[in-house]
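> This is the structure, below, for whatever I ask next.
Please treat every number below as a calculation from the coordinates, not as lab data. For clarity, every value in this text was computed on a predicted model and none was experimentally measured. Glycine gets a Cβ as well: all are built from the backbone with ideal geometry, and neighbour counts include every protein chain shown.
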Amino acid sequence: MTADLSLGVNLSFCVKRWITPELWAPLVRERLGLDFVQYSLDLTDPMWPTAILDRQAEAIRRETEDYGIGVHSAFIGLAHYTYNQMLHPDPAVRDYAETWLARAYAFAANAGIAAVGGPLGAIASRIDGHEAEEIPARDYDDLVSRMLRLAQRARSEGLSELFVEPTPMRREWPWTIDQARRMMTDVAGSAVPWKLCVDWGHGTHQPLYGPQVDNMMPWFTGLSDVIGAVHIQQTDFQFDRHWDFTEEGLVDPAQSADELRRAGLAHVPVFLEVFYPFERDDTSILAALEASSQLLKRGFRTA
């Protein structure tokens, strides 16, 4: 008998709500019945003063130990993602984004989190609205150089892995399987290994990839050796919805588990990543999260 898949939750749902580990740790463990999380840096800005970051890191260590929760990685969250980061047209902004990540590495290491990741940037849109099939070569080369430099910084902080998350946008990199393979090849041998975190709602975005795309198998089989984490969400393949599994969509938990197993990715951690409107009430969110966790656990369980 094969083992159940490893299911955790990204703490994106906690933003502006359960913002401290004293709040989210018991919720994850007792309400969702999970013991594995991916931290969201929407909960901690790495640019805060060091004394604040130190207190936050200590609290994460303490509460996760008390509740028996493992923290797989820290991802950049939505707030930092809204900026163009390391593909901004102003080199000084790229430098700042690189510094932001370096401080995120230091915070993560202090909190006992061994990996950091997320999307890395977006070029600016053109005035005429045209979107090319690739970002300019000079921007890509600069991004790779920064990734290699960041890997050195990550090693100095004691991290073990870094992640890049492909997104379904032509202005970001990578957004295709071939681009992801090229990037992983170009950063191979870095001081700390770079891997991919692929997302169900990204790889199945039909307006970009075509109506024939209705599962993640092309991404899973084409990149299985460099995929280190997976985000799962409920979606309709039309937009990057990040719905929970109480919503009607096209992602089936049992089928998703089968895809992972068939691609040889049963060992890779999978994180439910959902976002809610800030004005939605907390009670209904908790109920939806509990139901979603149960649905996913049943779907991921072996017979």
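> Which numbered condition trips up Arg170, out of (1) within 23 Å of Arg103 (Cα to Cα); (2) assigned to a loop (DSSP other than H, G, I, E, B)?
The single condition Arg170 does not satisfy is (1).
> Considering each of Ser125, Ser190 in turn, give the residue that is surrounded by 15 or more Cβ atoms within 10 Å (Cβ to Cβ), more than 20 Å from the chain's Cα centre (by Cα) and in a loop (DSSP other than H, G, I, E, B).
Ser190
> Quick check, is Ala104 buried (at least 21 other Cβ atoms within 10 Å of the Cβ) and over 30 Å from Ser284 (Cβ atoms)?
So Ala104 fits the description; yes.
> Can you name every residue in segment 83-115 that is touching a strand residue (DSSP E or B) at 6+ places or on another chain (Cβ under 6 Å), assigned to a helix (DSSP H, G or I) and either polar (S, T, N, Q) or over 12 Å from Leu150 (Cβ atoms) (or both)?
Ala108
> Mind listing whichever residues of segment 213-264 are surrounded by fewer than 20 Cβ atoms within 10 Å (Cβ to Cβ), small (Gly, Ala, Ser) and within 17 Å of the chain's Cα centre (by Cα)?
Of everything in segment 213-264, just one residue is surrounded by fewer than 20 Cβ atoms within 10 Å (Cβ to Cβ), small (Gly, Ala, Ser) and within 17 Å of the chain's Cα centre (by Cα), namely Ser224.
> In addition: Find the residue count for segment 33-82, including only residues that are of a type in the set (S, T, N, Q), in a helix (DSSP H, G or I) and surrounded by 16 or more Cβ atoms within 10 Å (Cβ to Cβ). Explain how you work it out, then say what you get.
Start the filter on segment 33-82 by keeping residues that are of a type in the set (S, T, N, Q), which leaves 38, 40, 44, 50, 56, 64, 73, 82.
Right, trim to in a helix (DSSP H, G or I) and you get 50, 56, 64.
Then keep just the ones that are surrounded by 16 or more Cβ atoms within 10 Å (Cβ to Cβ); that gives 56, 64.
Summing the residues that are of a type in the set (S, T, N, Q), in a helix (DSSP H, G or I) and surrounded by 16 or more Cβ atoms within 10 Å (Cβ to Cβ) in segment 33-82 gives 2.
> Failed condition for Lys195, given (1) more than 30 Å from Arg146 (Cβ to Cβ); (2) touching a strand residue (DSSP E or B) at 6+ places or on another chain (Cβ under 9 Å), with all others met?
The single condition Lys195 does not satisfy is (1).
> A further question on this structure: Considering only segment 47-62, state which residues are β-branched (Val, Ile, Thr) and in contact with a Gly (Cβ under 8 Å, 6 or more places away or on another chain).
Within segment 47-62, Ile60 is the sole residue that qualifies.
> Any chance you could count how many residues in segment 193-212 are buried (at least 23 other Cβ atoms within 10 Å of the Cβ) and part of a loop (DSSP other than H, G, I, E, B)?
1
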